[in-house]
Amino acid sequence: MYDFDLVIPSSVADAASAMKADGAQALGGGQTLLPTMKQRLAAPEVLVKLSDLAEMVGVSAASGILRVGGATTHAQVAEEGAAYPALAALAGNIGDPAVRNRGTIGGSIANNDPAACYPAGALGSGATIITDRREIAADDFFTDLFETALDEGEIITAVNFPIPDAANYQKFDQPASRFALVGVFVARFGDAVRVAVTGASNGGVFRWSVAEEALSADFSASAVEGLAVNAGDMISDLHGSAAYRAHLIGVLTRRAVQSC
Amino acid sequence: MPDGGIGAPTKRREDTRFLTGRGKYTDDFTPQNTSYCAFARSQVANGKIKSIDTSAAAAMPGVLAIFTGEDFVEVGGNPAGWAIVSRDGEPMKEPKRPVLAHGKVRHVGDAYAAVIADTLEEAMDAVEAIEADIEELDAVVDMASAVANSGTLVHDEIGTNTCFDWGWIEDNRAATDEAIKKAPHVTTLELINNRLVPNALEPRCSIGEYDPGTGDYKLTTTSQNPHLSRLLISAFVLGIPENKLTVLAPDVGGGFGSKIYHYGEEALVLAAAKKLGRPVKWTATRTEAFLSDAHGRDHVTKIELACEKDGTFIAFRTETMANVGAYLSNFSTATPTFLHGTLMAGNYTVPNVYVNVKAVFTNTAPVDAYRGAGRPEATYSLERVIDKCARELGMDPVEIRRKNFIKKDQYPYASAAGLEYDSGNYDALMDGLEKTADFAGFEARRAESAKQGKLRGLGINAYIEACGIAPSNLVGILGARVGLYDAATVRVNPTGNISVMVGAHSHGQGHETAFPQIVADMLGVDPETIDIVHGDTSKIPFGMGTYGSRSLAVCGSAVFRATEKIIVKATAIAAHMLEDEPDNIDFSDGVFSIAGTNKSVGFGDVALKAYIPHEYPIEGLEPGLEETAFYDPANFTYPSGAYASEVEVDPETGKVTICSMVALDDFGVVVNPMIVTGQVEGGLAQGIGQALLENSVYDDNGQLLSGSLMDYAMPRADDLPSFVVDHSHATRCNHNPIGSKGCGEAGAIGSPPTIVNAVVDALARGGHDVDHIDMPVSPSRVWAAMNK
């Protein structure tokens, strides 16, 4: 690890001004950033610690929305997210207890790892990402692998999840990292269905619109039978071919619908 | 017999310190004024070192010294411990393995420079400032291309990528070929024994110290065998006289083979300590462990099984390419040959066996012995091809094995692969397995799985292995460059408690608990009064360390022999004290007595007399009570076992879930059954890791794709079922005094074929035409096999 300065702000406003420094980097739970820094693969000059900002921590439900503060840990969402059981279950199955007690929703969504769980939950729910500057719809937020709509220095202060009538997340583990080899989040709001897929695509998390249409017309596992994503867009690596990932998307989507 | 003797399930006394954070590992030692070492390692798999400019690095803060390969040109290479002769009579090719790469780098992670600085961060910063001009060359990765020598060579000076081309037993080759040609049925299977990264919890670590006042060196290091490291450093690499070098291996957090070997980093910290007059410490990162620890397995094999139509075996013929990586690690040449080829007759009365092994240099990390070392490869090939043969013949996999088992009245049995098995009872193990694993209930369980949409399969395996490799006279004829005895000193202290100095090294095996049980059992004293000293060459007799499940069978036997000598001498002292002849003295439960009288003296009083020799027959009997024994076994020991596993396959995803794992092993006499169960369970976890999860993969350019725990899948608790372990079906080893055979590797040997057999069985019963899937049997591979 290279030397760096650590800023511990006392408010979001303080954090936002600290983020203006050259080489500043927001530090959430550090579950990706710190190992990367320890391997000297990242060298931020200033870390701005967001995880203890009270105004960014907490889970609350009102008017059909589950609001999760940007610095809320996965463990807290798993524990306190009962108003949105599918999301609480997703959070409770990220990493291991050590990761869940440190890692934060803001950190996960800002990093947009193509195999992370939260991007599927946010996109599948049609969540709104709230920053210190604006509100961004999940559909506009996840732009590419490790890329988001966030501007330089912008801080995720909260994520608002509309609570669906039914939802389920199916995660198939990559055997080593236990990130999602493929993860599918299905959410039904009345007749409208959203299907978000993580782990699989070369472009990161995406909505499977063909399945959404089919499920919006007929919310049953058989409705997606025979549908397939284009394997040509899928990741192929040590742990699974593109064809295998494309196949798993179908299997997991059916299972998610059955579990709704 | 006292409580806690041979056979007692005594809790491990070492766990008190391990479980309370009081273990003391190499990195826990920081001598005063320690400096720190970091290595510059190659980013390319094969490259010509054109220049290394260290001037900028040398000027950086805190930098004390920088070494490159140039600094070690005059010192020796790290040698191979076993010389193999090729079929054509040519000796194997032994390119020099230098302390630091010189001229060429030969694998990603090959160290070409080292920086010593006041702090680790300064050393790492300086490593980044070294300017190395390394011209990348094509990498040799695939073994088949390497053997063809069509492109690049790993070592230009030897003119080939083939280290040796070995036949075992060459005189049996023609008969085996002929038998296969004429056989009514031949089953052929091509398979890969996947390459593994050992991944001990504790990465390697070494501290070099030099005392200019005495000229003494000290190396504290993560070693399974400190005397071997000292011998290699002294006699081959640095030339430091053995009497001037102490090697200390304190608590070691797992080895699994990877810490048997001497590595260049150990020589480097010693040389640097001498140059600087300061202690020099190096601790591997996990990345360095992935890139530079000796890996395991990595065989590509074709095996043929010839038999009668009724399943009677006629011949086994194996052709294997074994990857040795970029350099010969110390036992890399023994592992695919004498620890593999000699086991290729398995538990069977097959008359013809022939094994051909080509060892191949590639631009990858060195490959050497890893838990099981050659025997898992042998068992996997054999037990997979037998299963395939049974399927082809429509025979039950149990029946085909039983039909060919060596029977219990056939011992000693000379196997067609050149070993003499001294004892065993494979039918009894299989009888026990059928009951314990409840074969009769399998169909009902399968039907239940089918209701859940899962395919259930049952896999079995019968294995034999060879532990405590020996005797020295024989292994010497076969090419070993070391002896394979071990040593123990039993020192009875004046107040009667006992220190036992052993050549074996405990890094998870529980020696501190088990060895005292032997001595306590023989002397009739409380095992709590006995302590083991190990891991320090300045304190222990010259022993060969711990690997190959040898500690109990070889070093334990040395402990036994030394204790016998103690009893002889103590009896003589007791005879003097009781005023009679030694022949008239009985010794039991710690008391010397004269039969038919009430005259007796306790062991403690005899010990005291030995050290306070007043009224002592000094003319005929030396004072003191301390004895050393070196024990050189007459033969290998031959543990055997029968394993069964049931798995469920999710046909939609290909995911395999292990429902049950039953391991019946014959380890001979068991000293501590609780420790043995733990050893088997650990072995099973590693074997299941190989079967389902672990895979070390290089791309065509020689980059390690599975270079971290994000991509290299280690088994976790929820990957494993609850194990059923039973070692009650024991037959005594006939040639060592304890009667023990060795248990450390069995689980890792017996489980991989069991799991793969079960998966193939599940798919076959589910109507899929799949006769083999290479390990790791990952979900994607199973799915691909089902949908090919």
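Normalised by the number of residues in chain B, what is the relative contact order in percent for Cα pairs under 8 Å and 6+ residues apart?
16
Please report the projected area of the range A:162-260's Cα convex hull averaged over all directions, in nm².
Value for the range A:162-260: 5.9 nm².
Between A:11, A:44, A:75, whose Cα lies farthest towards the positive end of the dipole of the range A:1-140 when Lys and Arg beta carbons carry +1 and Asp and Glu beta carbons carry -1, centred on the Cα centre?
Farthest towards the positive pole: A:75.
Quick one, what does Rg over Rh come out to for the protein assembly as shown if you take C-alpha atoms and the Kirkwood Rh?
Result for the protein assembly as shown is an Rg/Rh of 1.00.
Among the GluC sites (Glu not before Pro) in the range A:28-96, which ones are in a DSSP loop with at most 16 other Cβ atoms within 10 Å of the Cβ? Mind listing them? Kindly include the intermediate steps, with their values, before the conclusion.
Values: sites: A:45, A:55, A:79, A:80; in loops: A:45.
Of the GluC sites (Glu not before Pro), the ones in loops of the range A:28-96 whose Cβ has at most 16 other Cβ atoms within 10 Å are A:45.
Quick one: which of B:181/B:403; A:38/B:96; B:24/B:259; A:38/B:259 span more than 27 angstrom between C-alpha atoms?
Violating the 27 Å limit, Cα to Cα: A:38/B:96.
What would the Debye equation give as log₁₀ I(q)/I(0) for the range A:54-162 at q = 0.11, 0.12, 0.13, 0.23 Å⁻¹, counting only Cα atoms as equal point scatterers?
Each listed q maps to, in turn, -0.28, -0.33, -0.39, -1.35.
Using the Cα atoms of the range A:5-49 to build a convex hull, what is its mean projected area in square nanometres?
For the range A:5-49, the mean projected area of the Cα convex hull comes to 2.9 nm².
Take the range B:489-554, compute every pairwise Cα distance, and split them into 10 Å bins from 0; I just need the percent in each bin.
So the P(r) values, bin by bin, are 22, 54, 23, 1.
List the residues whose amide H sits under 5 Å from the amide H of residue B:81, counting only those 5 or more places along or on another chain, with H placed 1.01 Å from N in the peptide plane.
B:331, B:332, B:333
How big is the range B:311-436 on each of its three principal axes, counting only the C-alpha atoms and giving the largest first in Å?
Dimensions of the range B:311-436 along the principal axes of its Cα atoms: 46, 33, 31 Å.
Does the range B:701-767 come out rounded, prolate or oblate by the C-alpha gyration tensor, with a ≥ b ≥ c the root eigenvalues, rounded set by a/c under 1.5 and, if not, prolate when a/b is larger than b/c and oblate if not?
Taking the square roots of the gyration eigenvalues as a ≥ b ≥ c, the range B:701-767 is oblate.
Counting each pair of different Cα atoms once, what's the Kirkwood radius of chain B in Å, rounded to one decimal?
27.6 Å is the Kirkwood radius here.
Could you put A:213, B:122 in order, starting from the residue whose Cβ has the fewest other Cβ atoms within 10 Å?
Ordered from fewest to most neighbouring Cβ atoms within 10 Å, A:213, B:122 come out as A:213, B:122.
What number, rounded to the nearest 500 deg cm²/dmol, is the helix-based mean residue ellipticity at 222 nm of the protein assembly as shown, given -39500 (n - 2.57) per DSSP H run of at least four residues and division by all its residues?
About -8000 deg cm²/dmol.
Quick one: divide the alpha-carbon radius of gyration of the range B:632-687 by 2.2 N^0.38 Å and tell me what you get.
Relative to the rule-of-thumb radius for its length, the range B:632-687 sits at 1.55.
Using Cα pairs closer than 8 Å and at least 6 residues apart in sequence, work out the relative contact order for the range B:485-631, in percent.
33
Compute, for the range A:5-49, the length of the dipole vector about the Cα centre, with Cβ point charges of +1 (Lys, Arg) and -1 (Asp, Glu) only. Units Debye, rounded to 20.
Computed charge dipole of the range A:5-49: roughly 180 debye.
Let me check I've understood the local charge: for residue B:636, count other residues with C-beta under 10 angstrom from its C-beta, Lys and Arg +1, Asp and Glu -1. What total comes out?
Within the 10 Å Cβ shell, the charges total -1.
Can you give the local net charge around residue B:366? Use residues other than it whose beta-carbon is closer than 12 angstrom to its beta-carbon, Lys and Arg +1, Asp and Glu -1.
Combined, the nearby Lys, Arg, Asp and Glu give -1.
Using the Karplus curve 6.51 cos²θ - 1.76 cosθ + 1.60 with θ = phi - 60°, what ³J(HN,Hα) values do you get for each residue of the range B:776-788, in whole Hz, with x for Gly and Pro?
x, 7, 7, x, 5, 5, 5, 4, 4, 5, 6, 10, 6
When B:751, B:55 are ordered from fewest to most other Cβ atoms inside 10 Å of their Cβ, what list results? Walk me through the intermediate numbers first.
Values: B:751 34, B:55 10.
Exposure proxy ranking, most exposed first: B:55, B:751.
Assigning unit charges at the beta carbon (Lys, Arg +1; Asp, Glu -1) and nothing else, what dipole magnitude in debye, to the nearest 20, does the range A:54-162 show about its Cα centre? Before the final figure, lay out each step's value.
On the way: 5 positive and 14 negative charges, 79 e Å.
Dipole magnitude for the range A:54-162 comes out near 380 debye.
What is the fewest-to-most order of B:228, A:34, B:704 by other Cβ atoms lying within 10 Å of their Cβ?
A:34, B:704, B:228
Which log10 I(q)/I(0) values, to two decimals, does the range B:485-631 give at q = 0.15, 0.19 Å⁻¹ under the Debye formula with one point per Cα?
Scattering profile of the range B:485-631, log10 relative to I(0): -0.72, -1.04.
For residue A:23, what charge total do you get from the other residues with a beta carbon under 14 Å from its beta carbon, if Lys and Arg give +1 and Asp and Glu give -1?
Counting the neighbours of residue A:23, the net charge comes to -4.
Throughout, read-outs are computed from the coordinates displayed, never taken from laboratory work. Worth saying up front: this structure is predicted, and the values here are computed from it rather than measured. Note that each Cβ is placed from the backbone with ideal geometry, even for glycine, and that neighbours are counted across all protein chains shown.
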